[in-house]
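Derivation of every value follows stated rules applied to the coordinates shown; laboratory data play no part. Please read all numbers here as calculations on a predicted model, not as lab measurements. All Cβ positions, even for glycine, are placed from backbone atoms using ideal geometry, and neighbour counts span all protein chains on display.
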Amino acid sequence: MTDQTITSVSREHRVFRPSAEFKAQANLGSESTYKRLYSESVNSPEKFWDRMAKEHLVWRKPYKKVLNWKPPHAEWFVGGKLNVAENCLDRHLGTARENKAALIFEGEPGDVRTITYKQLHFHVCRLAQIFQNMGIGKGDRVAIYMPMIPEAVMAMLACARVGAIHTVIFGGFSPEALKDRINDCQAKLVITADGGWRRGKVIELKANVDRAVEGTPSVHTMMVVKRCGNPVTMVEGRDVWWREAWEGAPNYHEAKAFDAEHPLFILYTSGSTGKPKGVLHTSAGYLLGCKMTSQYVFDLKENDRYFCSADIGWITGHSYVVYGLLSNGATIFMYEGAPNQPEPDRFWQMIDRHGITILYTAPTAIRAFMRWGDNFVLRHRLDSLRLLGSVGEPINPEAWMWYHKMIGKKRCPIVDTWWQTETGGIMISPLPGVTPTKPGSATKPFFGVAAKVVDDQGKEVPRNTGGKLVLTQPWPSMLRTLWGDDDRFKRQYFSEFPKHPDYYFTGDGARQDEDGYFWIVGRIDDVLNVSGHRIGTAEVESALVSHPAVAEAAAVGRPDELKGQALVVFVSLKAGHTASDELKEALRNHVGKEIGSLAKPDTIRFAAALPKTRSGKIMRRILKDIAAGATVKGDTSTLEDFSVVASLQSEE
Ligand code: 6R9
């Protein structure tokens, strides 16, 4: 890591304190209580988590031990049994919440559905029963490839109810990417829809699954929700319509209890080497993390209507659309489509129409709204909003200020929440009734989070010095391993500091300021963050070299106002192929086909050769400077051939 990346973070001095009004009604409104609980949570974690697990979760069988920590493996609430779906639904039945909306859904074409807790429970029970009839049960993997519609939530919860492990694959992924993920976890059942609406067009999901399952021998059943009515091919004996599968199925389901450590889901995310990593989360610890962070970070109240704009294909959708919110009995608002369909004020319209009180979105979306112009916002009242959240990448102070003024009308606290697929839940974030905020800082760690900024040896660095962000103690919602690759789990997260085999390395760079506030700089490994989506450079490179014209490829990030980072690839061609705009287009489409449109490079540059060290390693640092249009800085003495750099620069 270079120091440049660290010091480039702006020094922001504005401080925004929670208003007396917000503080007075907050779930946690006193700084001394936060300090006391935080200190207990890191100094006596077992005592703290024992109390929390009893307070927040419904157990079928009490656990014997809070934590069994054999780094890097943790077991939480050992011997305890519960059912995660029961914790999200059944616990609210027979209470005043029974007829409360669990879900309010708005489709892109404007169709609206409201589903109460009682109704959601009914749907999930029927589906759980269907799964059982299909022979899907404890430990079986189920792939979910769906639009943002209520059936996606039902599918996840029905898996949890029968102890099946879901893997939700974002609907924007290509058949190729879908196939790899299904094969990696050997899913038996795929749940999909005919299509989903996006920018007025149908995304043909079923057709993508059909292509993917040509190469997935493990899949024996496919359930298809009719959403758009586009034509699809149903294969006799394998494919069944969601509605038809329901006919005649009993609508009650006795849920079994599962071990606290029973796997709940696998979620694939990009790593610094080619293959996506199957992050494994288990039941009780994960749920506890989501439940508590939802309650405290979003200051959830009985009457809130909460809108998280993330797709359920990402961890944010898992933790903060489904598990964290439903376990709290909250009302979630779910939107299917694009934020600028039909016009760039769709979100603001929906906020007024449904009386949304909490909005959780990503900096890349906020920057897009800024670019579309204030007029689209000013047409709407937005007076139901009381809290705003941000997640996915560092939020630049300009975007923070715009969010604060234009959307929050200077009234709503902003929680800038830092966390990862691997952490399961929010790790560093303001508590809205307690923490004064500084635009661009995720502020302070949540309960139980022992975060430090350290040097390459794992030694804590002084304040205001850049370093690597680590978590030095286990926490309940941490990933347990990578599916089928425990060695990679150890290598990836617990081997950065040989002297500290119990330190979890986040892959992020950060600094702590004089008040102990964390400023996250972003990834320091070979992972890019494009519009809040993690993209492994190695994945893109291996997609490119699988094209017959490509000899070698290197992918790097370039700072981008809208997306945070843009994806720039340098490609050298095999003999006999010539650079052309058509080839660029073909390569973009090729990456789109291999991974999905989200990974299509923004810029493709042809190069006669790539800059390499004498030992043959591509020097991405140099390519990064070139991509950013900057002069190449730093040591270039290990370059094998400097003329390669000179010719790349002269092509600008
Ligand atoms: C939840 C999620 C994780 C990476 C993470 C970091 C970046 C997320 C952030 C943030 C600065 C924030 N990140 N939230 N950086 N401030 N508030 O996004 O998970 O998709 O796994 O990405 O995103 O670089 O390491 P995931």
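Before moving on, here are some points about what is shown:
- Charged-residue dipole, Cβ positions (Lys, Arg, Asp, Glu), the range 253-378 about Cα centre, Debye nearest 20: 320 debye
- Alpha carbon centroid spacing (whole Å) that separates the range 509-544 from the range 407-475: 15 Å
- Ascending count of other beta-carbon atoms within 10 Å, so fewest first, for Ser597, Ser270, Ser32: Ser32, Ser597, Ser270
- Highest-first arrangement of 378-384, 406-412, 351-357, where packing means the average Cβ count within 10 Å: 351-357, 406-412, 378-384
- Cα gyration tensor shape for the range 463-570, rounded if a/c is under 1.5, else prolate or oblate: oblate
- Cα gyration tensor category, rounded, prolate or oblate, for the chain with a/c compared to 1.5: rounded
- Placing unit charges on the Cβ atoms of the charged side chains and taking the dipole of the chain about its Cα centre, the candidate lying farthest along the positive direction among Leu28, Ile358, Leu471 is Leu28.
- Beta bridges per DSSP, both residues in the chain: antiparallel share near 60 percent.
- Counted by neighbouring Cβ atoms within 10 Å, the residues Thr233, Thr282, Thr116 run from fewest to most as Thr233, Thr116, Thr282.
- Think of each Lys and Arg Cβ as +1 and each Asp and Glu Cβ as -1; about the Cα centre, that makes the dipole of the chain roughly 1340 debye.
- Here's how it looks for Ser390: its modeled amide H is under 5 Å from those of Thr361, Val415, Asp416, Thr417, which are all 5 or more places away or on a different chain.
- Sequence-separation-based contact order of the chain, relative, with Cα cut under 8 Å and 6+ spacing, percent: 14 percent
- Cα gyration tensor category, rounded, prolate or oblate, for the range 132-274 with a/c compared to 1.5: oblate
- Distance from the range 141-206 to the range 222-271 (C-alpha centre basis), Å: 9 Å
- Length added when fully stretched, Glu561-His220, from 0.36 nm per residue minus Cα-Cα: 118.3 nm
- Projecting the Cα atoms of Thr95, Gln129, Ala187 onto the charge dipole of the range 78-203 (Cβ charges, centred on the Cα centre) puts Thr95 farthest toward the positive pole.
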